[in-house]
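Here, each number is a calculation from the coordinates, and none is a lab measurement. Since the structure is predicted, the reported quantities are computational estimates derived from the model, not experimental observations. Cβ placement follows ideal geometry from the backbone for every residue including glycine, while neighbour counts extend to all protein chains displayed.
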Amino acid sequence: MLRINGIGCCLLDEVYGGFDPASDEIKPLLGKIPGDGGLIEGGLVFFEDLGRFSDMELDHLHQILTGGHPALATNLGGPAVVAMVHVAQMLEGLDARVTFDGVVADDEAGQRIRQVISKTPLIDRLRTVKEGRTPTTMVLTGRDERSFVNDIGVAAKMTASDIPEDFYDADIVLAGGTALLPALQSDLASILRKAKDRGCLTVVGTVYDFISQKRDPGSRWPLVADEDWNVIDLLVMDAEEALRLSGTADLQDAARFFEHSGVGAFIITHGKKETLLWAGKGRFASHKLVAMPVNKKADEMMAADPTLRKDTVGCGDNFAGGVISSLAMQLLKDKSQALDIIDACAWGSASGGFTCMYAGGTYIEQFPGEKASHVRPLVESYYEQLEASR
């Protein structure tokens, strides 16, 4: 049996209505200068920073932000867990076991996260912390405005010591969105090195590093030390993250940085623009730097039927999940063969494209294999697209 284990960002997205930056309650909470901890229209701030900025007790602050109303909707969020749900759905019925390790609090949000995961094939190995709050992101929505408030909660203190020993008994491990878990990110290199020493294929999916950006906007974001990039077999990031992690201003320069960094392979997504990928020696078959198109079939389907288009929430997370799904299927066929990064990109692009056709990042299936039945034809059409462009 193939084992795929994930750690990293797992939270509950809570959508609230009635957000009005001009209201007497919200106006004092708006930031005055970048990084002061106040609310940012269209941007994200941290709950505790906002508490310090407003000089309010957090419970009272939550009451003001939400208007005392329940959430209009809740969704499972977080780059790591959303990606792993997708992997579990793509591998359903195959000889594979997909698990996720993380932390939640003993509260309603934690229960909701478990409820959503229970509707998917992902094996929940979340640890419940008795004191503290489950990680959440409040999505405050108004007529034309949106603002995001992230509460790291109990995930702020998750470290390598919280990871069970059998996490490393895997064929593939994912560390996703660790920039939102600062204590875990500081242990990232040691976690990945231990995984590689156990024979795991190590995959890292990045996320916008709000913490580092707030602390030092002009500096390169930290992920691992320069001498530790080689603990990463595959690095998956978007264009902005690639620029900030490499300290460059141009994507080609960023690609050159990662080619020489020590990572085994990398993929850089760029929204609707072409995806850059490269693979060196190691677990992957070597491949020169190349720009790959997005999945044209998904766009054609939504253009033909505009009702199919929902939102782009979770596209990057599901792209990473598609990549890992491909790697898992390749290993199921033959563990001795070098991995094909083009196939990984094909599954990633198809998975990200399909995500635009449903609301939120996590897809709840009506029957086992439903999501794969939608994604697989998009993979096949992607190969036809590549063949036609030659």
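Of the GluC sites (Glu not before Pro) found in segment 1-96, the ones in coil according to DSSP and having at most 10 other Cβ atoms within 10 Å of their Cβ are E57. For segment 14-73, the normalised intensity computed at q = 0.22 Å⁻¹ comes to -0.91 (log10 of I(q)/I(0), Debye sum over alpha carbons, equal scatterers, no solvent). Peptides 184-192, 256-264 ranked from most to least packed by the mean count of surrounding Cβ atoms within 10 Å: 184-192, 256-264.
Hey, can you rank 228-235, 128-135, 173-180 by average C-beta count inside 10 Å, highest first? Show your work: numbers first, answer last.
Values: 228-235: 22.4, 128-135: 17.9, 173-180: 28.0.
Those peptides, ordered most packed to least, come out 173-180, 228-235, 128-135.
Mean 1/r over all different Cα pairs, inverted: what Kirkwood radius does segment 252-376 give, in Å? Working shown, then result.
Numbers: mean 1/r = 0.0649 Å⁻¹.
By the Kirkwood definition, the hydrodynamic radius is 15.4 Å.
Rg over Rh for segment 1-159 works out to 1.03, both radii taken from alpha-carbon positions and Rh defined as the Kirkwood radius.
The DSSP beta bridges internal to the chain are antiparallel in roughly 35% of cases. Applied to segment 5-20, the Karplus parametrisation 6.51 cos²θ - 1.76 cosθ + 1.60 on θ = phi - 60° returns per-residue 3J(HN,Hα) values of 10, x, 9, x, 6, 9, 8, 10, 7, 10, 9, 10, x, x, 6, 9 Hz, with x for Gly and Pro.
Each 5 Å bin, from zero up to the one with the longest distance, holds this percent of the alpha carbon pairs of segment 153-222: 3, 16, 25, 23, 16, 9, 5, 1. Local charge for S326 was computed over the other residues whose Cβ lies under 9 Å away, with Lys and Arg +1 and Asp and Glu -1, and equals -2. Computing FRET efficiency as 1/(1 + (r/R0)^6) for K119 and A249, where r is the C-beta to C-beta distance and R0 is 35 Å, gives about 0.20.
Straight-distance candidates among the lysines for linking to K272, with alpha-carbon spacing under 25 Å and chain neighbours fewer than 8 residues away dropped: K288, K296, K297, K310, K371.
The helix-only estimate of mean residue ellipticity at 222 nm for the chain, built from DSSP H runs of length n ≥ 4 each weighted as -39500 (n - 2.57), is -11000 deg cm²/dmol after division by the residue total. Note on R127/A304: beta-carbon distance plugged into 1/(1 + (r/R0)^6) with R0 of 41 Å gives a FRET efficiency of 0.35.
By the beta-carbon count within 10 Å of each Cβ, the least crowded to most crowded order of C9, C200, fewest first, is C200, C9. Converting phi to 3J(HN,Hα) with the Karplus coefficients 6.51, -1.76 and 1.60 and the offset θ = phi - 60°, segment 97-107 yields 10, 10, 10, 9, 10, x, 9, 9, 9, 8, 9 Hz in sequence order, with x at every glycine or proline.
Going by average Cβ density within 10 Å per residue, which order do the peptides 366-373, 291-298 take, highest to lowest?
Working: 366-373: 13.5, 291-298: 19.2.
Per-residue mean Cβ counts within 10 Å order the peptides as 291-298, 366-373.
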